[in-house]
Amino acid sequence: MTDLLTPVLCENWGTEKSWKLSAYLLSGGFSAAKKALKLAPADVVGIVKDAGLRGRGGAGFPTGLKWSFVPQDNPNPKYLVVNADESEPGTCKDMPLLLASPHTLLEGIVISSYAINCHTAFVYVRGEVVHVARRLQAAVAELHEAGWLGKNIQGSGFDLDIVIHSGAGAYICGEETALLDSLEGRRGQPRLRPPFPAVAGLYASPTVINNVESISTVPSIIKNGAEWFAGMGTEKSNGFTFYSLSGHVKRPGQFEAPLGITFRQLLELSGGMRDSHELKFWTPGGSSTPILTPEHLDVPLDYEGMASVGSMLGTKAMQVFDETTSVVRTTLRWSEFYKHESCGKCTPCREGTWWLVQLLRRLEAGEGQEGDVDKLLAVTEDINGLSFCALAGGAVACVTSAVRHFRPEFELGYTTPAWESFPYERSAVFIKDRPDGQSEGGRV
Amino acid sequence: MSDIVASDLVTLTIDGIEVSVPKGTTIIRAAESIGIAIPRFCDHPLLDPRGSCRQCLVEIPDAGNGRGFPVPQTSCTMPVAPGMVVQTAASSEKAKRAQNGIMELLLINHPLDCPICDKGGECPLQNQALLAGRGESRFDAKKRRFPKPTSINGQLLLDRERCVLCARCTRFAQEIADDPYIALVERGALQQVGRVGEGPLRSYYLGNVVQICPVGAFTAKSYRFESRPFDLVSTDTTCEHCASGCSLRVDRRHGTVRRRLAGNNPSVNEEWNCDKGRFCFVYGRGADRLTHPLIRENGSLRPASWPEALAAAAAGLSKAEKSVGVLTGGRLTTENAYAYSKFARAVLGTNSIDFRSRPFSVEETDFLAAEVAGKEVGVSYGDLENASQVVLVGIEPEDESPMILLRLIKAVRKRGLKVVLVDFINTYGSKKLKARWIQCRPGEEAKALAQVELDEKSVILVGERAALSAGTLSAVAKLSAEAGASWAWIPRRAGDFGAVQAGCLPNVLPGGRPVTQSAARVDVAAAWEVDSLPGEIGLDAAAILAAAAEGDLAALVTAGIDPRDFADSHIARAALEQAFVVSLEPRLSQAASLADVVLPVALIEEQSGSFLNWEGRQSVVNQVVKGSVPSDLRVLSALADELGSPLGLKDAAAAAAELGELGVWEGSRAALSAVGEKQPGEGLILGSWRELFDAGSGADGEESLQTESFYPTAVMNPKTAAGHGFENGDRLVVSGPRGSITVPLLVYPDIVEDVIWASFNARGLPSHGEIGVVIGEPVNVGKEEAKV
């Protein structure tokens, strides 16, 4: 089974103080950067293009292609911004990577910056994870001391500084243009496009924005070559990636495997569902991707496979739910998240999430009225595709997919509270035994 | 549109109709051009596209490249493309559905308080909900609530739960006025317009947000619950508060003006105005409003009938023979100014007439006669936008012509216009223009101006206070002529430019005709059907007042003047006390209360006529409400009849026609002689100007604008302050030969050394004239003695 795994990014996570530069160098760190600095920048872009690396933040846009959009004749400075605003419910791949091996990302930044002629790169770190930001800052300081950052890096003539910037705690800042606004010191709200960031992004200058995992993957591609990378994965989804499993599985965590692996295989790797329970539904890539059911266990987990069943690969964060779970409750929790995180800029997202939550609340409480499920779907239709950015699309995907697969359960909400149909303590992952011999958990 | 060449046009199809529009036009504008209205909230033609309300969604089955968009797109952000096919709700079910959906969502959190909302009846949300909404809401859950209303400044109230978060107001504040005191704060459904930044909300423009708010979120205190839109009768007219010439829409109900809105005039004020123009219209409603004539008897004024008052006025003026001066202020329409000009010459037989109720110079008198009277202004608002650079000399546009500032902000923002500031201070207002500041002390403007490189597309704007800086006005004319640049003189008051053209100056007749040229006099005398006109240059305002105060001038006819405004208010008062004064005023002003005969005249809102703004553009003043007293022109006619030499002006239209027929003088004029500079005095020099919200009587009755944001101050450079031992916030006594004012000190880096800016005419404080100093002169400054 374990030969399904391809530990590349996580290979050094088990080493002593893996986050230190010394440890990283011992495990072969920065050999890729050394190699890249000897190549022409355009060649570095070419290798990443040939490798077929696609953005790991969810959208799957080819990374090398994105880099080639940067107009090199633009007189303004070019910027690389790394999106480390990992906030999607269920998603937990970038933070472990940054904690365990921040230098993997930083080496990737050195190479990528060199490729796009950028001399100041930014890492926008989610505001809530102060420990990650500190680790990154310490790592950047180490690199300055070691001559891997600053002027004339390793005698190559290439200058680079990296700024670690903490957000203030807003999901929307994971949207790349909202991230740029936030980085510039404004309220994070998505910007009107065009102009696209590649032309006028940060400080109205050409900017490339990539996910942590995408940039962290770059050193391995440079080191091992495009063919090596393209040899993994499926035809259109090359390489390996992190799959993050959470929920009702025996061993939740990160699994680094080639694209195209199936959920059935991942489930086996994680030890399967908790004992005497069975799978009810799961998300392929965080709560913004339409949920799937046991019938999708054998669909390849790549961009095309997920699209073929009406979902998305997203951030490859599998939230796994067994038969004890109320899908109404789960959907409500996700919707509450989106309502809280809607930036408020556009009408459908701002008002629509406000309404969805109220409809779902009464379905959860068994106080739904005849027709509420249709109304729920009607509201999602008024939101879907009509919003300013993709946040609202994610906010309705969980609702529409849940109703599609489990409509009767929503209709049960006309008469019966979800906590009666699905006693919440039964789906609690961590059961706390009480002194009176009873156990509690769940319903908060 | 006429200067758009065909190759710049893009042809597309909207709802099956082919239309060609300039490249870069958005779909929503292209649709408007063929009469297709797409509902919208955040879209505003003068604001940057935002695409956030999503109301204007349309279907685009073909983007011009053969491929369509899978989902509806916002027509307010999408530029047209050749061959594009657009379907609005009129022809596309998908677009209609999308628009209906957005409308329903917009309404779920909007309160149903239309019956008590000021906007009800003229509300874009209400109108478009009827157009694009469903009859009944499916929303039966909880609405978002906020305490209501919150107060933003003296006038603005914000009902947050009515807000649809279109950000028109915040974009206006940022993009148009550059007064970023409001912004969207918080997020999600709790997002709201909030006050941002520290310190006082110092904006002259925020009243505009009431007008552009597409719902009733922003309302004005002065109009709140005052009227329903359908009970109002609207009149298009022109603002009387400054020389910007803003078009207004004035709404009245039951014969009383309830509110004023900025008129839509793309070539002047676009769709904006300032808060003074918007809110200051109740000055005629105080207890001092005159409805009948007054006559001085035993030292005090008593009511009199019109025949009695006219007889008394005529008797006094006859007795004075030609020892009469005429002083007209800035409130007069061009037609009224013309009536005074004609009355002075044809009836009283004097050239001693002057509209300048402020400090001025002989250089300015010559400059106005040589360069302004009867001449075309070479600059328009549009030229400001297209200039290579705009040089500001002795003018603070934000205070002196707020619309000029808005145009300049627009040009700086949209096309990086270069602005050069030749002045002693770089204010917050000037900083909005990112101006290059050429520093000079008051009085040294001419020398500083010589440092500016001018080209043919340069524009110089010179303000009224340049008159007090010797050599500046002549330098403006000379330097711009040499470089082929354009310039404009920006007077402060609405009637000033018209007064120059009408001949309310001692040295020119109407149309710029020099009084000293017999051919010019013959022209006018023939038109006026009089035998001859006086041929000597008359006394200017300062000389008239001085002579009257000394008893050398027997009588005065005054209109729209205030002793506070003159260079020496004490002399002005002495003159009004000494001479036989006939005062024509709508209100019992300070000048009127010193007069011997007071003849009431109509307010601007009660009469018709026109103003000429700084561009020389004629803008129409229409009668808004019916008054009980006649206009200046009618009263002067009656007085002329009483004096036995009829004025021959039936009404304003007749005056306008006569002035138009006279035309402008095309003969020679006295050349403007170069005037040498005067060395500024030693010590602390006073620099100042008339602020927009000062003690001017035009703002009387509108207390809302007299807020703590506009408190009087003195401003000094840190070094100068330290040199005198002053600190920020110290209460300073600024004194001249005749008095002093006590104001707090603001230490500000961007003012030249050894100059003190002090409020000129602040409410509740003596004016510069009462202190007895004019700008460019030294003042004494000390700390206020601690009160025991």
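The values are calculated or read from the model by the stated rules, or taken from the named source; none is laboratory data. Since the model is a prediction, treat every value here as computed from it, not as a measurement. In this analysis, Cβ positions are derived from the backbone assuming ideal geometry, glycine residues included, and neighbour counts consider all displayed protein chains. All accessible areas refer to the heavy atoms of the entire protein, side chains included, with ligands and DNA or RNA removed. Shrake-Rupley method; radii C 1.70, N 1.55, O 1.52, S 1.80 Å.
May I ask you to list the residues in segment B:302-316 that are surrounded by fewer than 24 Cβ atoms within 10 Å (Cβ to Cβ) and either under 28 Å from the mean Cα position of the chain (by Cα) or not basic (Lys, Arg) (or both)?
Result: B:Pro303, B:Ala304, B:Ser305, B:Trp306, B:Pro307, B:Glu308, B:Leu310, B:Ala311, B:Ala312, B:Ala314, B:Ala315, B:Gly316.
Only one of B:Ala543, B:Ala592 is modelled with pLDDT of 95 or more and closer than 18 Å to B:Arg331 by Cβ; which?
Checking each option against the conditions leaves just B:Ala592.
Being in contact (Cβ under 8 Å) with a residue 60 or more places away in the chain, assigned to a strand (DSSP E or B) and farther than 30 Å from A:Val218 by Cβ is the filter here, so list the residues in segment A:241-289 that pass it.
Listed by number, the residues that qualify are A:Gly247, A:Val249, A:Phe281.
Applying the selection to segment B:236-260, what residues are more than 21 Å from B:Arg492 (Cα to Cα), open to solvent by 20 Å² or more (accessible area, probe 1.4 Å) and either in contact (Cβ under 8 Å) with a residue 40 or more places away in the chain or not charged (D, E, K, R) (or both)?
B:Asp236, B:Arg252, B:His254, B:Gly255, B:Thr256 - these are the residues of segment B:236-260 that are more than 21 Å from B:Arg492 (Cα to Cα), open to solvent by 20 Å² or more (accessible area, probe 1.4 Å) and either in contact (Cβ under 8 Å) with a residue 40 or more places away in the chain or not charged (D, E, K, R) (or both).
Restricting to segment B:130-173, count the residues that are open to solvent by 70 Å² or more (accessible area, probe 1.4 Å), closer than 18 Å to A:Gly344 by Cβ and within 11 Å of chain A (Cβ to nearest Cβ).
Selection size over segment B:130-173: 2.
Based on what the data block shows, is A:Ser18 in contact with a helix residue (DSSP H, G or I) (Cβ under 9 Å, 6 or more places away or on another chain), assigned to a loop (DSSP other than H, G, I, E, B) and at pLDDT 95 or above?
Here the answer is yes, as A:Ser18 does meet what is asked.
With the structure loaded, tell me whether B:Ala37 is buried (at least 19 other Cβ atoms within 10 Å of the Cβ) and closer than 30 Å to A:Gln189 by Cα or whether it fails that test.
Criteria not met by B:Ala37.
Could you please find all residues in segment A:390-417 being within 14 Å of another protein chain (Cβ to nearest Cβ) and over 19 Å from A:Leu363 (Cα atoms)? Write out each step before concluding.
Let us first name the residues in segment A:390-417 that are within 14 Å of another protein chain (Cβ to nearest Cβ), namely A:390-393, A:395-396.
A:Ala390, A:Leu391, A:Ala392, A:Gly393, listed by residue number.
Mind checking whether some residue in segment A:337-344 is of a type outside the set (Gly, Ala, Ser), in a helix (DSSP H, G or I), more than 9 Å from every other protein chain (Cβ to nearest Cβ) and surrounded by fewer than 23 Cβ atoms within 10 Å (Cβ to Cβ)?
Yes, segment A:337-344 contains a residue that is of a type outside the set (Gly, Ala, Ser), in a helix (DSSP H, G or I), more than 9 Å from every other protein chain (Cβ to nearest Cβ) and surrounded by fewer than 23 Cβ atoms within 10 Å (Cβ to Cβ).
Can you name the residue in segment B:174-186 that is within 14 Å of chain A (Cβ to nearest Cβ) and among the aliphatic types (A, V, I, L, M) and, of all such residues, is surrounded by the fewest Cβ atoms within 10 Å (Cβ to Cβ)?
That would be B:Val185.
Just to be sure before I move on: is A:Asp85 acidic (Asp, Glu) and closer than 30 Å to A:Tyr171 by Cβ in the structure I sent?
yes
Can you name the strands (runs of 3 or more DSSP E) wholly within segment A:73-180 that have at least 3 residues being of a type outside the set (Asp, Glu), buried (at least 21 other Cβ atoms within 10 Å of the Cβ) and in contact with a Gly (Cβ under 9 Å, 6 or more places away or on another chain)?
Ranges flagged: A:78-84.
Pairs, please: C-beta under 6 Å, at least 6 apart or cross-chain, first residue under 17 Å from A:Ala32 (Cβ atoms) and in segment A:218-239, second open to solvent by less than 40 Å² (accessible area, probe 1.4 Å) and hydroxyl-bearing (Ser, Thr, Tyr)?
A:Val218/A:Ser112
For the structure I just gave you, tell me whether B:Ala189 is within 11 Å of chain A (Cβ to nearest Cβ) and touching a Lys or Arg at 6+ places or on another chain (Cβ under 6 Å). So that I can check it myself, show each step before the final result.
On the way: within 11 Å of chain A (Cβ to nearest Cβ): yes; touching a Lys or Arg at 6+ places or on another chain (Cβ under 6 Å): yes.
In short, yes.
Just name the residue that is farthest from the chain's Cα centre (by Cα) out of those in segment A:347-361 that are within 8 Å of chain B (Cβ to nearest Cβ) and open to solvent by 10 Å² or more (accessible area, probe 1.4 Å).
A:Gln358
Got a sec? Which of A:Ala257, A:Ala226, A:Ala230 is closer than 23 Å to A:Gly64 by Cβ, of a type in the set (Gly, Ala, Ser), within 20 Å of the chain's Cα centre (by Cα) and at pLDDT 95 or above?
The unique qualifying residue is A:Ala257.
If I filter segment B:72-88 down to residues being under 9 Å from B:Glu59 (Cβ atoms) and within 14 Å of another protein chain (Cβ to nearest Cβ), which single residue comes out as most open to solvent (accessible area, probe 1.4 Å)?
B:Gln73
Give the residue that is surrounded by the fewest Cβ atoms within 10 Å (Cβ to Cβ), with candidates limited to residues of segment B:94-118 that are away from every other protein chain (no Cβ under 13 Å) and among the charged types (D, E, K, R).
B:Asp113
Scan segment B:193-210 and give yes if some residue there is in contact (Cβ under 8 Å) with a residue 40 or more places away in the chain, polar (S, T, N, Q) and either more than 11 Å from chain A (Cβ to nearest Cβ) or farther than 27 Å from B:Arg144 by Cα (or both), otherwise no.
yes
Does B:Asp62 satisfy the criteria of being under 41 Å from the mean Cα position of the chain (by Cα), on the phi < 0 side of the Ramachandran plot and among the acidic types (Asp, Glu)?
No.
Looking at A:Asp275, A:Asp298, A:Asp322, which is the one that is open to solvent by less than 10 Å² (accessible area, probe 1.4 Å) and among the acidic types (Asp, Glu)?
Being open to solvent by less than 10 Å² (accessible area, probe 1.4 Å) and among the acidic types (Asp, Glu) holds for just one of A:Asp275, A:Asp298, A:Asp322, which is A:Asp322.
Just give me the residues in segment B:462-491 being under 18 Å from B:Cys246 (Cα atoms) and either surrounded by fewer than 21 Cβ atoms within 10 Å (Cβ to Cβ) or out of contact with any helix residue (DSSP H, G or I) (no Cβ under 6 Å at 6 or more places or on another chain) (or both), in sequence order.
B:Ala488, B:Ile490
Please identify the pairs in which a residue from segment A:374-389 that is at the interface with another protein chain (Cβ under 8 Å from one of its Cβ atoms) has its Cβ atom under 7 Å from the Cβ atom of a residue that is part of a loop (DSSP other than H, G, I, E, B) and surrounded by fewer than 17 Cβ atoms within 10 Å (Cβ to Cβ), counting only partners at least 6 apart or on another chain.
Once the first residue is at the interface with another protein chain (Cβ under 8 Å from one of its Cβ atoms) and sits in segment A:374-389, its partners that are part of a loop (DSSP other than H, G, I, E, B) and surrounded by fewer than 17 Cβ atoms within 10 Å (Cβ to Cβ) give A:Lys375/B:Arg138; A:Gly385/B:Val71; A:Leu386/B:Val71.
Determine whether A:Trp334 is open to solvent by 10 Å² or more (accessible area, probe 1.4 Å) and more than 8 Å from every other protein chain (Cβ to nearest Cβ).
Taking the combined requirement at face value, the residue satisfies it.
What is the residue count in segment B:261-301 for residues that are buried (at least 19 other Cβ atoms within 10 Å of the Cβ) and under 15 Å from B:Gly696 (Cα atoms)?
Residues in segment B:261-301 being buried (at least 19 other Cβ atoms within 10 Å of the Cβ) and under 15 Å from B:Gly696 (Cα atoms): 8 in total.
For the subset of segment B:410-424 comprising residues that are open to solvent by 10 Å² or more (accessible area, probe 1.4 Å) and not in a loop (DSSP other than H, G, I, E, B), which member is farthest from B:Pro180 (Cα to Cα)?
B:Lys418
Within segment A:1-26, how many residues turn out to be open to solvent by 60 Å² or more (accessible area, probe 1.4 Å) and among the small types (Gly, Ala, Ser)?
So the count comes out to 2.
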